[in-house]
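Read the structure below first, then the notes.
The values are calculated or read from the model by the stated rules, or taken from the named source; none is laboratory data. It should be emphasised that the depicted structure is a prediction, and the values quoted were computed from it without experimental measurement. Counting neighbours? That spans all protein chains shown, and the Cβs are built from the backbone with ideal geometry, glycine included. Side chains are part of the model used for accessible areas, which takes the heavy atoms of the whole protein and leaves out ligands, DNA and RNA. Shrake-Rupley method; radii C 1.70, N 1.55, O 1.52, S 1.80 Å.
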Amino acid sequence: MLILPAIDLRGGRCVRLRQGDYRQETVFDDDPVAVARRFEKAGATWLHMVDLDGAREGEPKNLDTVAAVAEAVGLKVELGGGIRTDEAVERVLGLGVARVIVGTRAVREPEWLADMANRFPGQVAWGLDTRKARVAVAGWGTLTDLTVAEMLDAARDVPLAAVIYTDIERDGMMAGPNVAATTRVVSASPFPVIASGGVTTVEDVAKIKETGAHGAIIGRALYEGTIDLKKAIAVAGEQSVG
């Protein structure tokens, strides 16, 4: 299983939110490049990045920082947050980012998701974020009536690189992942599933691995020091995904 350390960007700095709430922000580092280098030194091969400003405003806002990170390290970078147009997808991939994560528009316009996945094979992941089992969009600010299972079934023939599944209520809360929900998503998904939200200890990594997920994203726990990245990678038995 792949371990993806996370860098969430707001105003060019590394921050973490609790349950996606912009009012509950903690700034962990002013230098995302230095953070990415630490992750690389610890043995990571992929880096998960989110442009929080972009997610909220509907278009990428921290691309200079993303480009600096992509240039400074040998990690494969995936980026999500406000990527909702053809031009945004092209621009992000042009920075050297290995994979874009699309969410809001992909949920609302499945045909656009299919178009992007076909135009950029192996470089498009779908971000499916849920609160109380319903898919959320627009920076997690709007709940739809859709479930992850419904979304996955409708996109079964789309050539996606991966699905990023996040349980919003666990995100940034240091309370452990939603193992049962992750298991259901993995079972329903025809695509590799990368789980996000609540991974806090190496025991959590082992639990996520048991679900059959292809990857796990770790954020706040790395910054708070409750999990060691090298140990997490060892427990996961990391292998490349995507």
Worksheet item: For V27, all conditions in the list (1) open to solvent by 40 Å² or more (accessible area, probe 1.4 Å); (2) in a helix (DSSP H, G or I); (3) among the aliphatic types (A, V, I, L, M) hold save one; what is the number of the exception?
Response: (2)
Worksheet, complete the sentence: The correct count of residues that are assigned to a helix (DSSP H, G or I) and in contact (Cβ under 8 Å) with a residue 60 or more places away in the chain in the stretch 197-239 is 11
Fill in: Every residue from the stretch 226-242 that is open to solvent by less than 60 Å² (accessible area, probe 1.4 Å) and either aromatic (F, W, Y) or modelled with pLDDT under 95 (or both)
G237, E238, V241
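Matching residues to (1) open to solvent by less than 20 Å² (accessible area, probe 1.4 Å); (2) of a type in the set (K, R); (3) not in a loop (DSSP other than H, G, I, E, B):
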| site | (1), (2), (3) |
| --- | --- |
| A44 | yes, no, no |
| V50 | no, no, yes |
| A67 | no, no, yes |
| E78 | yes, no, yes |
| R84 | no, yes, no |
| E87 | no, no, yes |
| V100 | yes, no, yes |
| R105 | no, yes, yes |
| L128 | yes, no, yes |
Worksheet item: Do you know which of the residues in the stretch 52-65 that are in a helix (DSSP H, G or I) and at pLDDT below 95 is nearest to G127 (Cα to Cα)?
Response: A55
Worksheet item: Which one of these is farther than 21 Å from G215 by Cα, hydrophobic (A, V, I, L, M, F, W, C) and without any contact (Cβ under 8 Å) to a residue 60 or more places away in the chain: A149, A154?
Response: A154
Discussion item. If I ask for residues that are at pLDDT 90 or above, in a loop (DSSP other than H, G, I, E, B) and not hydroxyl-bearing (S, T, Y), which ones from the stretch 130-145 would you list?
Written reply: D145
Discussion item. Out of contact with any helix residue (DSSP H, G or I) (no Cβ under 7 Å at 6 or more places or on another chain), in a strand (DSSP E or B) and either among the polar types (S, T, N, Q) or surrounded by fewer than 22 Cβ atoms within 10 Å (Cβ to Cβ) (or both): which single residue out of T183, T166 fits that description?
Written reply: T166
